[in-house]
Amino acid sequence: MIHTRGADDDTLRILSEQAGDLDVILHCFSMADRVAHCLEQPSWWLSFAGNVTYPKAEDLRTAMLRVPAERLLVETDAPYLTPHPLRGKPNQPANVVHTARAVAVQRGIAYDELERALEHGTTALFGW
């Protein structure tokens with residue numbers, strides 16, 4: 001699980017050199033301009049937190065839309081990155097539903113369809 005911030009080039013270089021066939025979760029994905037490179041890696045999963053719901057995060061939403069459902073994850077990053085409309089308050093795990101609902105709307109699918117896709121993807125990733 002990788003959380004990178006302001007070190008995109010180094011992170012991608014190190015992962016490309018060292019990760020091999022390991023499953024990699026890009027936690028709190030923030031490399032919107034590098035989404036194509038990340039998707040070229042078949043065992044990399046992109047996880048989006050509450051910041052994908054922020055009105056000014058258009059680049060992050062555009063990146064999220066490019067991620068195939070089977071490699072998409074949604075997370076809370078509690079107590080940080082509280083989703084809109086709760087922004088400004090400490091985040092908590094229960095708020096992931098706000099992020100997931102926003103992702104479903106952006107992807108043009110029903111919430112329950114996203115929920116099934118996320119469940120299928122996490123089962124494939126974690127083997128449960």
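Structure data summary
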read-out: Neighbourhood net charge (14 Å Cβ-Cβ; Lys/Arg +1, Asp/Glu -1) for Arg34; value: -3
read-out: Contact order normalised by residue count of the range 72-128, Cα under 8 Å, 6+ apart, percent; value: 30
read-out: Cβ-defined net charge surrounding Pro85, 15 Å radius [Lys, Arg +1; Asp, Glu -1]; value: +4
read-out: MRE, 222 nm, helices only [DSSP H, n ≥ 4, -39500 (n - 2.57), over the chain, to nearest 500]; value: -12500 deg cm²/dmol
read-out: Cα-based helix-to-principal-axis angle, 111-126 vs the chain, degrees rounded to 10; value: 30
read-out: Cα lying deepest toward the dipole's positive end in the chain, options Leu65, Leu46, Ala102, charges on Cβ; value: Ala102
read-out: FRET efficiency for Glu115 and Leu86, using Cβ-Cβ distance with R0 set to 25 Å, rounded to 0.05; value: 0.80
read-out: Between 0 and 90°, nearest 10: helix 8-18 axis offset from the chain longest Cα axis; value: 50
read-out: Mean Cα-pair separation over length for the chain, i.e. relative contact order, pairs under 8 Å, 6 or more apart, %; value: 20
read-out: Calculated FRET value between His37 and Ala94, using beta carbons and R₀ = 30 Å, to 0.05; value: 0.35
read-out: Pair His3, Ala78: separation of 7 Å Cα→Cβ label points (nm); value: 1.4
read-out: On Cα atoms only, tilt of 96-107 relative to the major axis of the chain in degrees; value: 80
read-out: Portion, in percent, of the accessible area of the range 58-122 that falls on carbon or sulfur, probe 1.4 Å; value: 54
read-out: Accessible area per residue, Å², the range 42-128 with all protein chains present, probe 1.4 Å; value: 55
read-out: Trypsin sites (Lys or Arg not before Pro) within the range 45-106: DSSP coil, no more than 14 neighbouring Cβ in 10 Å; value: Lys56
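The values are calculated or read from the model by the stated rules, or taken from the named source; none is laboratory data. All values reported here derive from a predicted model rather than from experimental measurement. Please note: Cβ atoms are built from the backbone with ideal geometry, for glycine as well, and neighbour counts cover all protein chains shown. In case anyone asks, the SASA skips ligands and DNA or RNA and just uses the protein heavy atoms, side chains included. Shrake-Rupley method; radii C 1.70, N 1.55, O 1.52, S 1.80 Å.
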